[in-house]
Amino acid sequence: PLAVGPGAYVRLGTLSFQPTDVVRRFIAVPAGATRARIVLRTPNAEAHAAAPALFYLHCLQLAPQERFTAYELKERVSIGHPSFAAGAGSAEQRYQRFMDVLGGATLEVCVAQFWNQLDRHAVDVAVDFHGITPAGSQSARSPGGASGLGAAIAINGNYGVVRADFSAAVRPEYGVRPKATLDVLRTALRPLSATVAPCASERDIHPASGVAIHRLVLDYALETKSDGATIRPRLPALDGKIYESWADDFALAIFDANKRRVASQISYTASVTLRRRGSYLVRVQIRHRNEKDLEALKAAPLLVDTQLATKISIPTFPTLAAAFTGTVVGSRPAAGGGIARGATVPLFFRTELTGVPAEAAPGDVLCGSLSLSAQTAELPIEYVVPARARAAEKPEAASNGAAADSEAALTPAERDRRALDEAIRSLRIGWIRKAKDDGVREQLVGDLLASDGADADADFRAAVLSAQLDALDPARKTHLPWSDGARLTAEAARSAVGVADRIVELTYPLALTVGLLQNQSHQAAGVGDADRRRRKQLAEAARDRLVGALTTKCRALAFLTTQPTASSRSSETSVDFVDVVSASGDGSGGGGGGGHWLADYEKAVADLARWVGEKQQDEDAQFLVATLPLLVAKQSHGRALLSALRWIDRAPLLESNAAERRAMVEMRDLLVSQLGWSVWADHLRDLALVERPSSYEAL
């Protein structure tokens, strides 16, 4: 290979080309170089002596145990003016390209004229090298490394200030303006499960020895925090390699909460954009001939790189003192604008950063790059997220409430007895939901409501009735009111309407004060602030109970409205979603068919909508399930279907809302059936096999 002189510059000379000519030169890259600049130039006369021609420029370095694309440049270069005319103009034809290089390895530079480009052309080729590396590490890897195993500058966020020394080993470097940015959050996941088993396919068994190839399957749970998150799952020791890999092969697939495969990759991992926020399963498969070697990888962590929406800057300083006084280097050239060859200069990084994403836990890593000059390669940096600062404790203001005074007046024995009474009361309320026998439940509710003393306040009565309401409609969060899984009967629905009305009567006055107390909470802390917070908590609890009661009332009325003759059906018989009968009747709740419940249902929906914000109305599946049947009752099937489709498309794919997603899909299918769109119904039924498969697809 050609040696590079002290100026880190090598000229390959003027090369003459005709169609299909290929010229290769090999250059010994000096240690400490991180970037090469390849310059192609044509003499003035030659640029106009022939028609413009297309050239291929291919530069390549081979690094041990690294894929060949780690350090590669492939470009097409046009020599000659686009507006070619013989003898016209005198502008020099000059093209330059940059590529990251590895110091100490040989660089191949290949230039070729395309086969259909006529005439001869002369091209002058020169290469010069630049490099600023961490001091003492002249072979530090540039970001061009495919595996991500190269050395990175580590910045521990717990240190406050971190120092790193840099040197220019190849040539003097000028225009040094350090700029450190972070743009990737890297988290590590441990596998939920790991299994090693022989491959079942006949082609995976050696025909002579009968030895089977084994595979290790690792499952990782991944949850994204926003829609459109861009992630890259990786096993750095395995991905980005085939012939250099230790394993026979490596593959992964990403499944959403519906078990639908949204991405799959083999050997070479790449970024994937997940359209919807939710819970995902990353399944990794590693195949190898030795079962014991796979057993050692059962706890292998998976690295997940998530692209940050906004880049984070790390302030850099020329001295330790400047790191505290605030003289940032990036605004002007450092060290007089350059680094002499062989010299070493320090940089100091402040590690207390703003803009660190909330989902970054202590110990996670933020990845980015450090740019020192325009001529040198960017160096990878890794920032360790520090321990979180303790939140400032708000001083507990003195309270002037009667409740606090009465609590302070109690003796320790009286406080113990009150705490015991509260625990027993909470236990009895909890058993209202757990009781299997209706008679036991009714007796328990009656005993609690008939109790005197402290148990007679409105908040306690509302809590008892809310528990009773949950027992009457236990599947309100998971099933449609008329589905078999809801197990709602006409008798239970009528009882739920009555219980909900009692809860509304008890909670309405206190729930109205939420807005007033919210405004008062913005006042300065002072006397009575603790009482105000307590009253606000009670008011918010009353509002939540009121909304829950109205939601269950709407579900019950939807059930009664959408059955042909609610009063004529057995209380143990479930009903199907059928056409709503005519809305004739006095709406008083008496009579025969379901139409007489419609007026009550419409009023209940209007009452619920006043307590639920517009945004929540579109996003809350319980609200939609409870209110959409009213649109059906008014023959507005299309509006109801639009709301259901919008929710299904926007709802996050979480494990926690799986039941709600099933209920909304059932609602969509029923509405399509009501509209008589049989072709679409058949399409949705077939599409369910792909969107919601029963099991994970095999790798």
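What number of residues in the range 222-279 are crowded, with 16+ Cβ neighbours inside 10 Å and among the aromatic types (Phe, Trp, Tyr)? The qualifying residues number 2.
Rundown of residues vs (1) open to solvent by 30 Å² or more (accessible area, probe 1.4 Å); (2) under 18 Å from Leu628 (Cβ atoms); (3) out of contact with any helix residue (DSSP H, G or I) (no Cβ under 9 Å at 6 or more places or on another chain), yes/no style:
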position: Asp473; (1), (2), (3): no, yes, no
position: Arg476; (1), (2), (3): yes, yes, no
position: Trp482; (1), (2), (3): no, yes, no
position: Glu491; (1), (2), (3): yes, no, yes
position: Val497; (1), (2), (3): no, no, no
position: Ile503; (1), (2), (3): no, no, no
position: Leu506; (1), (2), (3): yes, no, no
position: Pro509; (1), (2), (3): yes, no, no
position: Thr513; (1), (2), (3): yes, no, no
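Among the residues making up the range 41-69, those that are modelled with pLDDT of 90 or more and open to solvent by less than 40 Å² (accessible area, probe 1.4 Å) are Leu57, Cys59, Leu60, Gln61. Restricting attention to the range 192-227, the residues being of a type in the set (A, V, I, L, M, F, W, C) and in contact with a Cys (Cβ under 9 Å, 6 or more places away or on another chain) number 3.
Applying a threshold of 9 Å to beta carbon distances and a minimum spacing of six or more residues, or different chains, the list of pairs starting in the range 441-452 at a residue that is open to solvent by less than 30 Å² (accessible area, probe 1.4 Å) and ending at one that is outside any helix (DSSP H, G or I) and at pLDDT below 80 is empty. With respect to the stated conditions, Asn290 is exposed (fewer than 14 other Cβ atoms within 10 Å of the Cβ) and within 24 Å of Leu218 (Cα to Cα).
Which residues, counting only those in the range 646-665, are open to solvent by less than 20 Å² (accessible area, probe 1.4 Å), at pLDDT below 90 and not aliphatic (A, V, I, L, M)? Correct list: Asn657 only. Candidates are the residues of the range 479-508 that are of a type outside the set (Asp, Glu) and free of Cβ contacts under 8 Å to residues at least 12 places away in the same chain; the one that is farthest from Lys603 (Cα to Cα) is Gly485. Take Phe348 and tell me if it is of a type outside the set (D, E, K, R) and in contact with a helix residue (DSSP H, G or I) (Cβ under 6 Å, 6 or more places away or on another chain). Yes; evaluated as a whole, the condition is true for this residue. Checked against the criterion of being within 20 Å of Glu540 (Cα to Cα), open to solvent by less than 40 Å² (accessible area, probe 1.4 Å) and out of contact with any Ser or Thr (no Cβ under 9 Å at 6 or more places or on another chain), the range 603-612 contains one or more residues that satisfy it. Looking for something at pLDDT below 80, assigned to a loop (DSSP other than H, G, I, E, B), closer than 24 Å to Asp600 by Cα and open to solvent by less than 40 Å² (accessible area, probe 1.4 Å) - is there at least one such residue anywhere in the range 528-545? Within the range 528-545 (the criterion being at pLDDT below 80, assigned to a loop (DSSP other than H, G, I, E, B), closer than 24 Å to Asp600 by Cα and open to solvent by less than 40 Å² (accessible area, probe 1.4 Å)), the answer is no, since none of the residues qualifies. Among the residues of the range 303-323, those identified as of a type in the set (S, T, N, Q) and part of a strand (DSSP E or B) are Thr306, Gln307, Thr310, Ser313, Thr316. Any chance the range 593-609 includes a residue that's more than 28 Å from Asp459 (Cβ to Cβ) and either modelled with pLDDT under 50 or part of a loop (DSSP other than H, G, I, E, B) (or both)? There is at least one residue in the range 593-609 that is more than 28 Å from Asp459 (Cβ to Cβ) and either modelled with pLDDT under 50 or part of a loop (DSSP other than H, G, I, E, B) (or both).
For the range 610-633, a residue qualifies if it is within 17 Å of Gly548 (Cβ to Cβ) and either part of a loop (DSSP other than H, G, I, E, B) or among the basic types (Lys, Arg) (or both), and the qualifying residues are Arg610, Val612, Gly613, Asp620.
The values are calculated or read from the model by the stated rules, or taken from the named source; none is laboratory data. Predicted, not measured: the structure shown is a model, and the values here were computed from it. Here the Cβ is made from the backbone with ideal geometry for all residues, glycine too, and neighbour counts use every protein chain on show. Note: areas computed on protein heavy atoms with side chains; ligands, DNA, RNA excluded. Shrake-Rupley method; radii C 1.70, N 1.55, O 1.52, S 1.80 Å.
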